[in-house]
Amino acid sequence: MPLGIAPLDRGHRALLKGFKNQHRSLVEYLQRYALRHLEKDLLARTYIAIDQPTGAQARIAGYFSLSTVSVERASVVALPALDRLPRFPIPGVLLARLAVDERVQGQGIGRYLFEEALGLTLGVARSGPLAFRLFVTDAIDVQAVSFYERFGLVRLGDEVPCRMVLDLQGLLGSST
Amino acid sequence: MSRFQAQTNAVLDDELEDLRTRLGLDPRQKADLLREVAAIAAWVVRQAKAGRTVEARRGDDVQLFAHPVIDRLRGKGDAVELPRLVLTDTEVGRLARLLGRRFEPTPALRAALQNLTSSKRRPPKVRWKKPAA
């Protein structure tokens, strides 16, 4: 059975502890907070990529979490740039986390997960009950910055971890 | 209750006395000892509130700092972290440049959009690397 994407639920609890990643915070989020944020706090929804080869035990190859986000300003000082911006706060979807198990990295799973996250976001933006302008993420290291830059996300900060943004307006207007 | 408190105080006194000698302070420097201990504890709490893991390393030997209070702090940090992103003026400037420019998708983004609309889209085949011996 090929890799499949599924929304995380309690039935996946037994699979969580097998997930490995070089960033401890990404492992810890999946194992300790993802279900809580889904069921109790209602902060984020996590999707997992499950690999279940025939006759073998299922494993989580990667995951991503989506949440809504309100992009706001730290100061109220007038800026010339504000003329080109919609009024703050600007609503967006936050790709809160995206991680691939370290034993299956370099096989296109990150790209596949990113496409899934973007597809879900565009689906809601096009026909869901909400309007939002931005697709936002926090890149955890320089490799992640480079990965997201390939998809056109622009970094807002200079340091890493780094906040990155994609303007959805052009994507929603395009036919593809 | 008072007996429990007395025992607890004795244990605390022993620990503080041990710390005092390890930090090279003399018995009259109780305030300095408290200041040092508070500074160390405050640093640990700040790291935990920022969502960082606190650990001690010597070569491959790693000891994770674990404590119920730290878990509670980290839980609270996560609960308030997600819904708001507050931008500095520099970040606002960059966002304005992004939103003001013409839509020109990168090749990877164009490919991703095409993949999403393709009926032939398939997930990658996964090959699990064996753990190093």
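Kindly provide the set of residues from the stretch A:29-40 that are surrounded by fewer than 17 Cβ atoms within 10 Å (Cβ to Cβ) and within 17 Å of B:Arg52 (Cα to Cα), ordered by number.
A:Gln31, A:Arg32
From the list A:Tyr148, A:Tyr112, which one is assigned to a helix (DSSP H, G or I), more than 8 Å from chain B (Cβ to nearest Cβ), in contact (Cβ under 8 Å) with a residue 12 or more places away in the chain and surrounded by 18 or more Cβ atoms within 10 Å (Cβ to Cβ)?
Result of the check over A:Tyr148, A:Tyr112: A:Tyr148.
In this structure, is B:Leu99 touching a strand residue (DSSP E or B) at 6+ places or on another chain (Cβ under 6 Å), part of a helix (DSSP H, G or I) and either closer than 30 Å to A:Leu38 by Cβ or modelled with pLDDT of 85 or more (or both)?
yes
Just to be sure I understand the filter: pairs with C-beta atoms under 8 Å, separated by 6 or more residues or on different chains, first member in the stretch A:49-63 and more than 9 Å from every other protein chain (Cβ to nearest Cβ), second member crowded, with 19+ Cβ neighbours inside 10 Å and among the small types (Gly, Ala, Ser). Which pairs pass?
Taking only residues 6 or more apart or on different chains, the pairs are A:Ile50/A:Ala61; A:Ile60/A:Ala49; A:Gly62/A:Ala49; A:Gly62/A:Ala99; A:Gly62/A:Gly110; A:Tyr63/A:Ala34; A:Tyr63/A:Ala49; A:Tyr63/A:Ala99.
Look through the stretch A:123-145, keep the residues that are facing chain B (nearest Cβ under 10 Å) and among the aliphatic types (A, V, I, L, M), and return whichever of them is nearest to A:Arg87 (Cα to Cα).
It comes out as A:Leu134.
Can you give me the number of residues within the stretch A:30-45 that are within 12 Å of chain B (Cβ to nearest Cβ) and either touching a residue at least 60 places away in the same chain (Cβ under 8 Å) or assigned to a strand (DSSP E or B) (or both)?
Counting residues in the stretch A:30-45 that are within 12 Å of chain B (Cβ to nearest Cβ) and either touching a residue at least 60 places away in the same chain (Cβ under 8 Å) or assigned to a strand (DSSP E or B) (or both) gives 1.
The values are calculated or read from the model by the stated rules, or taken from the named source; none is laboratory data. Bear in mind that the values here come from a model prediction, so they are computed numbers and not experimental data. All Cβ positions, even for glycine, are placed from backbone atoms using ideal geometry, and neighbour counts span all protein chains on display.
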